[in-house]
Amino acid sequence: MTESETRAESPVRAYNEWDPLEEVIVGSVDGAHFPPWHVAVGAPLSPEQRKVFRENAGRPFPADRVAAARDELDQLVEILAGEGVKVRRPEARDHSRSYAGRDWSSTGLYDAMPRDSLLVVGEDIIEAPMSWRSRHHAASAFRPLLKEYFRQGARWSSPPMPELSDELYVDGWTDQPDGEPFRSVITEFEPTFDAADFIRCGRDIFAQRSHVTNALGIEWLRRHLGDTYRVHELVLADDHPMHIDASLMPLAPGKLLIHPDRVPEVPRIFKDWEVRTAPLPVIPDGHPLYMTSKWINMNVLMIDEHRMVVEAQDEPMRRFAEEWEIEAIPCPFRNFNSFGGSFHCATVDVRRRGALLSYF
């Protein structure tokens with residue numbers, strides 16, 4: 001590589017969820033397909049959502065929904081660019097194409113949620129070893145960007161790629177009865193995690209075990225990051241956990257947004273923080289949500305600690321932000337919500353202007 005390709009100044013650097021955002025990757029919903037049916041796909045879903053996924057396994061998502069979500073992503077790109085943020089996008093891929101592991105085959109899902117597959121910690125951009133077979137190659141759409149960042153000085157890490165053999169999944173898994181402890185659909189056969197099961201607060205990173213993230217995955221990240229960071233595992237009251245960022249969201253130093261039911265007791269480490277409960281969501285009952293709950297309203301994106309992107313029709317969240325002295329920047333996103341995420345899921349912050357600090 002040339003001298004310019006090995007310079008020390010990294011284009012990748014983010015330590016938390018609120019430092020001023022300088023560069024971001026925004027996903028793409030083009031080519032989205034329902035994945036082949038598998039027990040791991042159904043585990044985090046409601047019974048009604050499982051029925052939809054079973055009936056449509058392997059088919060494209062409705063074209064009108066994809067088009068509407070694409071338009072909203074384009075509006076998000078325009079808003080972020082207008083706020084001075086450099087925006088990058090993935091390459092388009094054909095998610096109907098089949099690929100195989102040693103003893104399984106699958107088609108893909110989408111490239112809509114880069115937060116699920118990429119985790120930025122400091123100058124390190126880490127590919128998540130995802131447990132859904134339909135997301136085995138989820139980071140490949142972003143590989144041209146990863147190569148570019150690496151050539152410019154970033155670290156680029158990838159855990160051992162999971163085999164995703166039958167041993168990873170609980171044979172005969174069913175929902176746990178009401179009142180019983182959470183029982184994950186994945187075993188400890190190998191390390192696996194989704195990047196969206198981690199939230200960054202400087203030297204402290206918070207994780208949850210879920211239907212896509214196991215204890216080995218959390219331990220892999222802990223060892224990989226070393227003594228510079230403290231990785232805390234939180235136990236939340238979520239019957240179908242998949243991604244922490246619709247349950248607990250730090251918005252700024254000393255400001256924590258929580259789900260009213262999934263966080264019945266605020267972790268002691270946040271004892272000096274101001275903690276507020278998210279307002280009730282306003283998504284209508286008839287609006288399709290293929291793989292998320294209405295509490296996706298919590299999945300906000302901070303441009304900095306004083307500016308938050310919120311769904312344009314979510315008036316309660318806008319008022320909530322303003323009462324907390326945060327400017328609410330509206331963007332239509334309800335059609336994108338149908339696909340399982342909101343602003344935080346649809347982006348991964350490549351660079352935020354700030355230093356590594358401890359907030360506890």
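The values are calculated or read from the model by the stated rules, or taken from the named source; none is laboratory data. On a predicted model such as this, the values are computed, not experimentally measured, just so you know. Cβ coordinates were reconstructed from backbone atoms using ideal geometry, including for glycine residues, and neighbour counts include every protein chain displayed. Just the protein is used for accessible areas: all its heavy atoms, side chains included, with ligands, DNA and RNA removed. Shrake-Rupley method; radii C 1.70, N 1.55, O 1.52, S 1.80 Å.
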Sole exception among (1) open to solvent by less than 10 Å² (accessible area, probe 1.4 Å); (2) part of a helix (DSSP H, G or I) for residue 199, by number: (2)
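Which residue, of 232, 243, is of a type outside the set (A, V, I, L, M, F, W, C) and surrounded by 21 or more Cβ atoms within 10 Å (Cβ to Cβ)?
Values: 232 fails: surrounded by 21 or more Cβ atoms within 10 Å (Cβ to Cβ).
Answer to the check: 243.
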Subset of region 130-153 that is under 28 Å from residue 187 (Cβ atoms) and polar (S, T, N, Q) - its residue that is modelled with the lowest pLDDT: 140
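What tally of residues in region 134-171 results from selecting those that are at positive phi and either surrounded by fewer than 16 Cβ atoms within 10 Å (Cβ to Cβ) or of a type in the set (Gly, Ala, Ser) (or both)? Before the answer, list the steps.
At the first step, the residues of region 134-171 found to be at positive phi are 153, 164.
Checking which are either surrounded by fewer than 16 Cβ atoms within 10 Å (Cβ to Cβ) or of a type in the set (Gly, Ala, Ser) (or both) leaves us with 153.
Going through region 134-171 one residue at a time, the tally reaches 1.
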Residue within region 169-186 that is more than 23 Å from residue 41 (Cα to Cα), out of contact with any Pro (no Cβ under 6 Å at 6 or more places or on another chain) and charged (D, E, K, R) present: no
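Give the number of residues within region 1-20 that are open to solvent by 10 Å² or more (accessible area, probe 1.4 Å) and at pLDDT 95 or above.
To start, the set of residues in region 1-20 that are open to solvent by 10 Å² or more (accessible area, probe 1.4 Å) comprises 1-9, 11, 13, 15, 19-20.
Right, trim to at pLDDT 95 or above and you get 11, 13, 15, 19-20.
Total satisfying the criteria: 5.
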Tally of residues being farther than 30 Å from residue 177 by Cα, open to solvent by 10 Å² or more (accessible area, probe 1.4 Å) and not in a loop (DSSP other than H, G, I, E, B) across region 22-50: 3
Test: residue 207 is in a helix (DSSP H, G or I) and either open to solvent by less than 20 Å² (accessible area, probe 1.4 Å) or in contact with a strand residue (DSSP E or B) (Cβ under 8 Å, 6 or more places away or on another chain) (or both): no
Subset of region 51-78 [open to solvent by less than 40 Å² (accessible area, probe 1.4 Å) and in a helix (DSSP H, G or I)]: 53, 66, 68, 69, 72, 73, 76, 77
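Do we have residue 280 as surrounded by fewer than 16 Cβ atoms within 10 Å (Cβ to Cβ) and of a type outside the set (Phe, Trp, Tyr) here?
Working: surrounded by fewer than 16 Cβ atoms within 10 Å (Cβ to Cβ): yes; of a type outside the set (Phe, Trp, Tyr): yes.
Taking the combined requirement at face value, the residue satisfies it.
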Residue check, residue 291 assigned to a loop (DSSP other than H, G, I, E, B), touching a residue at least 60 places away in the same chain (Cβ under 8 Å) and closer than 30 Å to residue 86 by Cβ: yes
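Return the total of residues in region 333-353 being outside any loop (DSSP other than H, G, I, E, B) and either at pLDDT below 95 or within 22 Å of residue 19 (Cα to Cα) (or both).
Start the filter on region 333-353 by keeping residues that are outside any loop (DSSP other than H, G, I, E, B), which leaves 334-337, 347-352.
With either at pLDDT below 95 or within 22 Å of residue 19 (Cα to Cα) (or both) added as a condition, the list becomes 347-352.
Residues that pass the stated criteria total 6.
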Condition met for residue 185 (buried (at least 19 other Cβ atoms within 10 Å of the Cβ) and either at negative phi or at pLDDT 95 or above (or both)): yes
Residue list for region 114-133, filter: assigned to a loop (DSSP other than H, G, I, E, B) and open to solvent by less than 10 Å² (accessible area, probe 1.4 Å): 129, 130, 131, 132
Residues located in region 318-332, provided they are of a type in the set (Val, Ile, Thr) and in a strand (DSSP E or B): 329
Pick from region 7-53, criterion among the basic types (Lys, Arg) and in contact (Cβ under 8 Å) with a residue 12 or more places away in the chain, ranking: farthest from residue 116 (Cα to Cα): 7
Filtered residue count, region 227-271, keeping only those that are in a loop (DSSP other than H, G, I, E, B) and either over 17 Å from residue 205 (Cβ atoms) or not polar (S, T, N, Q) (or both): 22
When residues of region 104-113 are limited to those that are touching a Ser or Thr at 6+ places or on another chain (Cβ under 6 Å) and more than 14 Å from residue 29 (Cα to Cα), the one least open to solvent (accessible area, probe 1.4 Å): 106
Residue match in region 100-113 (condition: assigned to a helix (DSSP H, G or I) and in contact (Cβ under 8 Å) with a residue 12 or more places away in the chain): no
